[in-house]
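A quick write-up on the structure given underneath.
The values are calculated or read from the model by the stated rules, or taken from the named source; none is laboratory data. Model, not experiment: these values are computed from the prediction. Cβ coordinates were reconstructed from backbone atoms using ideal geometry, including for glycine residues, and neighbour counts include every protein chain displayed.
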Amino acid sequence: MAEAIFDLQDVGLTVPQRTLLAHISFKVAPGEFVTITGPSGSGKSTLLLLLATLLTPTAGQIIFAGKSQQDYEKTTYRRLVSYCYQQPSLFGDTVADNLAFPFQIRHEKVDRDRMIAALAEVNLPADMLTKPITELSGGERQRVALIRNLIFTPKVLLLDEITTGLDAATKDTVHQVMANFTKQGVTIITVTHDESELAAADRLITITAGRMEVTA
């Protein structure tokens with residue numbers, strides 16, 4: 001394995017009267033496509049939240065690109081490690097408001113052509129920019145949320161069951177986007193029960209009752 005982009009060393013998370021994760025140790029190589037699977041409630045999404053810095057381990061440590069996760073300024077880290085929720089969270093009034101956000105937080109001029117190109121990647125037309133977010137279907141919301149994370153290419157993409165509930169055509173579109181970014185060397189770590197995503201992964205990590213059970 002190349003020098004790990006992630007190195008989890010005996011990571012655990014305990015909340016009052018409950019251990020959510022314990023003794024999680026594995027490495028992820030740059031550009032690898034890793035799928036985390038396991039029963040509902042086993043801790044898969046919790047692990048993804050730890051990788052995203054949305055939760056903090058209570059045991060062990062997470063090394064990202066050779067440096068402790070805790071040594072990164074959070075905004076800088078989250079530009080490198082992009083997280084997509086299962087339920088997409090959009091804001092503002094229109095699709096354009098959402099796709100402008102990555103430019104604004106980087107203090108860069110909003111590039112309309114780049115936004116239109118991003119929409120095209122997920123089979124959405126240019127006039128979608130002016131569409132109110134309240135009028136988007138579930139599949140459109142998920143695709144907008146995904147490309148909002150990808151207008152500036154991250155090093156790592158964390159995906160939490162983002163194809164759950166999508167129709168077959170929209171799933172295919174999302175899978176194609178994932179494949180394209182894998183070809184560009186983006187590391188993808190996904191939580192899923194989708195059989196095609198399980199088959200596409202370079203490696204499966206199974207979490208059962210908060211512990212790693214199988215690495216294949």
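Is there a residue in region 126-142 that is in contact with a Gly (Cβ under 8 Å, 6 or more places away or on another chain), closer than 26 Å to Leu54 by Cβ and buried (at least 16 other Cβ atoms within 10 Å of the Cβ)?
Yes: region 126-142 contains one or more residues that are in contact with a Gly (Cβ under 8 Å, 6 or more places away or on another chain), closer than 26 Å to Leu54 by Cβ and buried (at least 16 other Cβ atoms within 10 Å of the Cβ).
Is region 44-65 home to any residue that is crowded, with 16+ Cβ neighbours inside 10 Å, closer than 28 Å to Asp202 by Cα, among the charged types (D, E, K, R) and free of Cβ contacts under 8 Å to residues at least 60 places away in the same chain?
no
Among residues belonging to region 66-93 that are in a strand (DSSP E or B) and buried (at least 17 other Cβ atoms within 10 Å of the Cβ), point out the one that is modelled with the highest pLDDT.
Checked region 66-93; the qualifying residue modelled with the highest pLDDT is Val81.
I'd like to check which strands (runs of 3 or more DSSP E) are fully inside region 1-63 and have at least 1 residues that are on the phi > 0 side of the Ramachandran plot and modelled with pLDDT of 95 or more.
By residue number, 6-15, 18-28.
Looking at region 54-77, which of its residues are within 18 Å of the chain's Cα centre (by Cα), within 16 Å of Val15 (Cα to Cα) and not hydrophobic (A, V, I, L, M, F, W, C)?
Thr56
Within region 16-43, restricting attention to residues that are closer than 30 Å to Lys183 by Cβ and among the charged types (D, E, K, R), which residue is surrounded by the fewest Cβ atoms within 10 Å (Cβ to Cβ)?
Checking each candidate, the answer is Lys27.
Criterion first (surrounded by fewer than 13 Cβ atoms within 10 Å (Cβ to Cβ) and more than 18 Å from the chain's Cα centre (by Cα)) does Lys109 satisfy it?
In short, yes.
Is it the case that region 4-15 has a residue that's within 24 Å of His193 (Cβ to Cβ), hydroxyl-bearing (Ser, Thr, Tyr) and either exposed (fewer than 12 other Cβ atoms within 10 Å of the Cβ) or in contact (Cβ under 8 Å) with a residue 24 or more places away in the chain (or both)? It would help to see each step written out before you state the result.
Here is the first cut: in region 4-15, the residues within 24 Å of His193 (Cβ to Cβ) are 6, 8, 11, 13.
Now narrow it down to the ones that are hydroxyl-bearing (Ser, Thr, Tyr): none.
No; the residues of region 4-15 include none that is within 24 Å of His193 (Cβ to Cβ), hydroxyl-bearing (Ser, Thr, Tyr) and either exposed (fewer than 12 other Cβ atoms within 10 Å of the Cβ) or in contact (Cβ under 8 Å) with a residue 24 or more places away in the chain (or both).
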